[in-house]
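These notes are about the structure you will find just below.
The values are calculated or read from the model by the stated rules, or taken from the named source; none is laboratory data. Keep in mind the model is a prediction, meaning the values are calculated, not measured. With ideal geometry, Cβ positions are generated from the backbone for all residues, glycine too; neighbour counts draw on all protein chains shown. Heads up: the accessible areas ignore ligands, DNA and RNA and are worked out on the full protein's heavy atoms, side chains in. Shrake-Rupley method; radii C 1.70, N 1.55, O 1.52, S 1.80 Å.
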Amino acid sequence: MTDRRDGGGRRTMPSERADDYTQGLRTERALAWLVAIPDPIDRVRSADALAEHARSVQGDIGRVRRQAIYEATLRPGHTGESVAAELGISAKAVSAAVSASRSQDRQLFRSALEILMRPGVSDVPADQLAPGLRARDVLVQARVLLRGCGSYNAETINDDEYAVLEQSEDRARRIQRSAGVEAPSPAGESTDEDHVPEAMRNAAAVFAVLPGILPLHFGTPNIQESPDRSGLWSIGWQILPAEEGVGEYYAGPHRDGWVATEYLIWFVRDLARGGYGIWSDVFALPPFMNEPGTSLYFSIQGDLNAEKPITPDQFVRDLRRSWVDQQTGFMDLDWPKPPAADFEAS
């Protein structure tokens with residue numbers, strides 16, 4: 001299984017897939033909403049309310065900016081003076097940003113560590129977490145905290161404490177990335193992007209170019225399974241968020257990913273109507289295990305033991321032909337070079 005997520009567990013859109021759709025999206029939505037208000041008086045009042053909201057956001061933007069200045073000082077070889085020179089601001093402004101943000105991080109990490117050190121919460125012994133409480137270096141705190149967050153019993157904490165651990169883990173991973181530190185992966189999450197079964201390499205190459213989706217797994221039949229399941233192969237994916245680095249809960253699903261998913265479901269349904277042993281499915285893990293908007297997974301499954309089987313290679317070959325040659329696809333894509341066997345079968 002492959003899974004592209006940021007260090008906090010949220011799915012992100014690869015930068016090479018960012019397009020004009022993601023630029024200025026929120027502004028365009030807001031302006032389109034204003035223009036669509038039919039009553040001019042209501043439109044004026046709504047415009048005033050939106051402008052007031054925009055002014056209130058400035059404070060939040062300022063906090064994000066100060067935190068970013070602080071994180072810039074965590075980069076290897078950088079100091080407050082070098083960051084000030086790089087940004088063209090005063091060393092005093094950098095010092096103030098660092099002091100405020102570092103204090104917030106240390107307080108958050110201490111609160112999380114105190115929870116993790118309670119008996120029965122974390123599998124990591126309390127004496128191994130205690131150095132994080134005494135450390136003045138936030139990177140040391142972050143490293144210790146992530147060890148404790150790697151395995152803890154959620155049944156031993158309440159909802160507020162769970163929120164603290166989630167927030168602190170996300171923050172610890174963020175500052176480690178800023179400092180160029182390799183953060184440990186969340187338990188059970190694969191980080192090997194190249195770990196795809198040989199029989200699924202062509203399928204993985206094709207799914208890699210489909211826009212707005214995140215391929216998650218490429219599964220092959222398991223001969224150790226029961227006979228009625230021994231021929232199953234599968235491909236799973238999620239729809240990326242509409243805006244880079246922001247979850248669907250805030251940005252909604254990516255337009256192209258939604259249409260690509262619709263196309264895949266339609267195409268699989270068309271093959272199934274033709275008698276092939278293939279179908280699509282959708283499933284969701286409990287929301288407690290995911291952030292809102294990230295629990296829904298889509299999958300395609302085929303059965304090599306069906307009366308009319310279709311292999312993963314045949315599936316992606318026919319998918320590409322339908323998209324390109326039959327012009328049922330909705331945009332031009334840079335498809336991977338087909339295997340030699342595809343040319344022979346043409």
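Annotations
- Being within 13 Å of the chain's Cα centre (by Cα), at pLDDT below 85 and open to solvent by less than 100 Å² (accessible area, probe 1.4 Å) is a property that holds for residue 2.
- Inter-residue pairs, beta-carbon under 8 Å, first within 13 Å of residue 94 (Cβ to Cβ) and in contact (Cβ under 8 Å) with a residue 12 or more places away in the chain and in the stretch 61-79, second of a type in the set (Ser, Thr, Tyr) and open to solvent by less than 20 Å² (accessible area, probe 1.4 Å), 6+ apart: 66/101; 67/101; 69/101; 70/101; 71/101
- Residue among 71, 81 that alone is at pLDDT 90 or above, touching a helix residue (DSSP H, G or I) at 6+ places or on another chain (Cβ under 6 Å) and open to solvent by 60 Å² or more (accessible area, probe 1.4 Å): 81
- Scanning the stretch 263-282 for residues that are of a type in the set (Lys, Arg) and open to solvent by less than 70 Å² (accessible area, probe 1.4 Å) yields no hits at all.
- For the stretch 306-342, the set of residues classified as among the charged types (D, E, K, R) and open to solvent by less than 40 Å² (accessible area, probe 1.4 Å) consists of 318, 320, 342, listed by residue number.
- Scan of the stretch 85-123 for residues that are among the hydrophobic types (A, V, I, L, M, F, W, C) and either surrounded by 18 or more Cβ atoms within 10 Å (Cβ to Cβ) or on the phi > 0 side of the Ramachandran plot (or both), ordered by number: 94, 97, 98, 108, 109, 112, 113, 115, 116, 117, 121
- Residue check for residue 166: over 22 Å from residue 80 (Cβ atoms), open to solvent by 20 Å² or more (accessible area, probe 1.4 Å) and at pLDDT 90 or above: yes
- Test: residue in the stretch 248-260 that is touching a strand residue (DSSP E or B) at 6+ places or on another chain (Cβ under 7 Å), of a type in the set (Phe, Trp, Tyr), at pLDDT 80 or above and surrounded by 17 or more Cβ atoms within 10 Å (Cβ to Cβ): no
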